[in-house]
Amino acid sequence: GKEVNEARGLWTLVKMDRWRVLELFKLGLYLSVPVFTVVVISNGDWGILEKAMVSRPYVEYPPEGPRPPSGAEIVERLRQENERRV
């Protein structure tokens with residue numbers, strides 16, 4: 001009777017230790033994988049980051065068009081249009 005209860009208690013402790021080991025392993029992976037990835041990608045010796053930046057240009061600017069008129073040009077145009085109307 002008593003030995004069986006002690007064995008059950010010990011087995012419960014072993015199961016909890018397995019659970020804790022699993023949770024610590026998962027936490028370690030959760031924290032180490034992103035850190036490892038950043039270190040590998042940002043390492044300048046391999047050029048992974050540079051290759052990714054060159055091969056995938058996310059921002060493509062359109063060619064530059066004509067400049068908008070300056071404030072003085074706008075005032076002059078408005079003055080000319082007002083003179084035409086009168």
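The values are calculated or read from the model by the stated rules, or taken from the named source; none is laboratory data. None of these values were measured; they are calculated from a predicted model. With ligands, DNA and RNA removed, areas are computed over all heavy atoms of the protein, side chains included. Shrake-Rupley method; radii C 1.70, N 1.55, O 1.52, S 1.80 Å.
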Which numbered condition in (1) open to solvent by 100 Å² or more (accessible area, probe 1.4 Å); (2) at pLDDT below 90 is the only one that Arg77 fails? (2)
Tally time: how many residues in the stretch 34-73 are open to solvent by 80 Å² or more (accessible area, probe 1.4 Å) and in a helix (DSSP H, G or I)? 9
